[in-house]
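Undergrad: Just passing along the structure, written as structure tokens.
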Amino acid sequence: MASSSSLTGERAVVALFIARIVFSVPQSLLSESLSLSLLSLLALSVEISVDASSSVPLSHFFKTRPGASSGIFLGAVTLPGVMVSKLIQMSRAVSLNQSGSEGWYTAAILLWLFSHGYAAVKLIQNILHTFPACASIGEALLVTAGLVIYFGDMLACTAAKSHGYFTASKLVTVPYGIQRSEVSVIIQGLIIGLLLFPMLFKYMLQFLERVSLASSRDTTDSHMRRSCVFYISLACVLIIAVPSWMQLVQDFHVHPFLWVLDFVLSEPLKRLSLCIYWLVVIYVSVIRFYNISKSSKIERILLRKYYHLMAVSMFVPALILQPKFLDLAFGAALAVFLMLEIIRIWRIWPLGQLVHQFMNAFTDHRDTDLLVVSHFSLLLGCALPIWLSSGFNDRPLAPFAGILSLGIGDTMWLDTSMGSSAGAKPAVYLCSLSRFVIASFVSPHHLNLQILFVEKTIEGTAAGITSVLAACSILLPLLATTRYVQNWFSLLFAVTISGLLEAYTAQLDNAFIPLVFYSLLCL
């Protein structure tokens with residue numbers, strides 16, 4: 001009985017995902033393959049023991065998101081799987097023979113790994129305690145691993161540029177002739193600066209209270225002073241501190257933000273036209289569907305599916321025509337999201353309450369008052385495969401992994417149950433979605449489709465897989481070079497695994513599915 005209960009759909013799909021990567025590893029990456037296999041076995045055993053434990057449940061230590069499984073297996077192996085897949089992809093172009101076999105190099109690697117693990121443990125504890133009921137263990141593992149790698153890369157790059165320690169950059173990056181671009185440095189500096197800013201702001205408020213700067217008892221006056229401190233310190237971070245780091249690690253001849261302006265205006269017709277197109281689509285969609293969410297009984301999950309389709313219409317043309325500009329646009333959008341979420345959480349006058357009310361119109365069961373994550377997961381799900389494809393990329397579909405899986409596949413993979421029926425057919429779902437989109441612009445106040453999302457069905461999963469394959473068949477002739485021949489069996493496997501993962505997982509699928517799909521497309 002125990003063995004049968006240990007085999008779940010999510011674990012089986014993740015095991016197939018890891019097996020596909022391990023069996024694709026060349027001999028030069030044998031140690032990485034063994035490490036990934038060992039990590040997978042340990043993560044699976046921990047998840048089984050945690051889920052089966054009745055004496056000391058997981059909720060005794062952490063308050064995780066209600067309705068979600070622990071997700072330890074999926075959360076622990078997703079990013080390592082992405083990294084090994086990327087190494088396999090790069091091995092087709094360059095030799096990955098490790099050059100540092102000296103004792104000091106091995107010791108540095110071990111020290112770096114220990115520091116990474118220690119930082120990850122402390123960070124995941126802090127995240128789960130600071131934002132209770134906002135994430136599962138697996139989701140927190142994914143976020144923690146990504147943040148530690150991202151911050152570690154920043155520290156290593158800073159050390160390499162400041163003191164000439166080339167070895168430091170080898171610990172977290174692959175130095176095979178791939179140079180950091182100005183766009184990647186700008187995005188990294190901006191995002192890390194905004195992630196560190198709340199801690200800086202918190203310490204500043206504590207310092208001001210100690211020196212009795214805010215001596216007034218008036219609550220309104222106190223909020224005003226707090227808001228002024230917030231905006232002034234945020235401006236100092238974004239205008240002085242972050243650009244200083246950018247200029248340290250990259251040879252910008254002007255202020256980085258002036259470089260961004262020059263970059264946008266270098267092709268003004270294409271890039272400004274894209275900006276105008278994005279602004280029009282965002283304005284019309286957000287305003288229209290914000291009003292619908294307040295005046296209609298339409299299910300919010302159906303509202304959100306429209307934004308998945310909107311992502312396709314916005315990002316696919318830009319990815320084909322202006323990929324470098326799209327990289328920068330994703331970074332700017334993520335920075336805006338971070339600033340608005342910081343303002344919402346701290347209730348910074350005068351925008352805090354307005355942003356909170358606005359975001360509540362688009363939240364679902366995965367969001368809380370403490371943290372709204374859905375829009376972050378959608379944006380990052382589309383952006384990460386594109387960012388990861390920077391540099392060498394011999395798989396033309398890999399950058400589209402997020403857009404295909406979320407914009408097309410996820411829209412179909414969520415099934416509906418109409419009334420008492422066992423499950424809606426894909427044609428019924430498409431009909432309902434199209435009726436909703438059309439009616440929202442014709443008669444938004446009379447929308448009342450009464451669609452209840454109950455379960456995921458075989459029909460919907462098959463429709464999702466078929467729709468993504470159809471989109472791939474359309475994109476490939478536009479993207480593939482004459483030297484590249486698509487292995488359709490591998491593509492079918494990648495799409496099927498992604499579809500099955502969406503069908504079985506209880507985790508935040510917008511975060512995991514694009515990374516899994518990207519990893520499989522790289523092989």
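The values are calculated or read from the model by the stated rules, or taken from the named source; none is laboratory data. Given the structure is predicted, the values throughout are model-derived calculations rather than measurements. Ideal geometry is used to build each Cβ from the backbone, glycine not excepted, and the neighbour counts take in all protein chains shown. Please note that ligands, DNA and RNA were not included when accessible areas were found on the heavy atoms of the full protein model with its side chains. Shrake-Rupley method; radii C 1.70, N 1.55, O 1.52, S 1.80 Å.
Undergrad: Looking only at the range 302-359, which residues are in contact with a Lys or Arg (Cβ under 7 Å, 6 or more places away or on another chain), more than 21 Å from PRO399 (Cβ to Cβ) and either open to solvent by less than 30 Å² (accessible area, probe 1.4 Å) or not in a helix (DSSP H, G or I) (or both)?
TA: Matches in the range 302-359: GLY352, VAL355, HIS356.
Undergrad: So which residues in the range 223-234 are open to solvent by 50 Å² or more (accessible area, probe 1.4 Å) and modelled with pLDDT under 90?
TA: Taking the range 223-234 and keeping what is open to solvent by 50 Å² or more (accessible area, probe 1.4 Å), we get 223-226, 228, 231-232.
Correct list: HIS223, MET224, ARG225, ARG226, CYS228.
Undergrad: May I pose another question? Tell me which residues, restricted to the range 180-196, are assigned to a helix (DSSP H, G or I) and surrounded by fewer than 17 Cβ atoms within 10 Å (Cβ to Cβ).
TA: Those that are assigned to a helix (DSSP H, G or I) and surrounded by fewer than 17 Cβ atoms within 10 Å (Cβ to Cβ): LEU195, LEU196.
Undergrad: Exactly one of these conditions fails for GLN507: (1) part of a helix (DSSP H, G or I); (2) at pLDDT 85 or above. Give me its number.
TA: Failing condition for GLN507: (1).
Undergrad: So, one more: Would a scan of the range 45-58 turn up a residue that is open to solvent by less than 50 Å² (accessible area, probe 1.4 Å), charged (D, E, K, R) and at pLDDT 80 or above?
TA: Taking every residue of the range 45-58 in turn, at least one turns out to be open to solvent by less than 50 Å² (accessible area, probe 1.4 Å), charged (D, E, K, R) and at pLDDT 80 or above.
Undergrad: Please determine whether any residue of the range 403-414 is out of contact with any helix residue (DSSP H, G or I) (no Cβ under 8 Å at 6 or more places or on another chain), at pLDDT 75 or above and of a type in the set (Val, Ile, Thr).
TA: No, the range 403-414 has no match at all.
Undergrad: Cβ contacts < 9 Å: first residue assigned to a loop (DSSP other than H, G, I, E, B), restricted to the range 392-403; second residue among the charged types (D, E, K, R) and at pLDDT below 90, any location; separation 6+ or different chain. Result?
TA: PHE392/ARG92; ASP394/ARG92; ASP394/ARG483
Undergrad: Among the candidates SER212, SER216, single out the residue that is at pLDDT below 85 and open to solvent by 50 Å² or more (accessible area, probe 1.4 Å).
TA: It is SER212.
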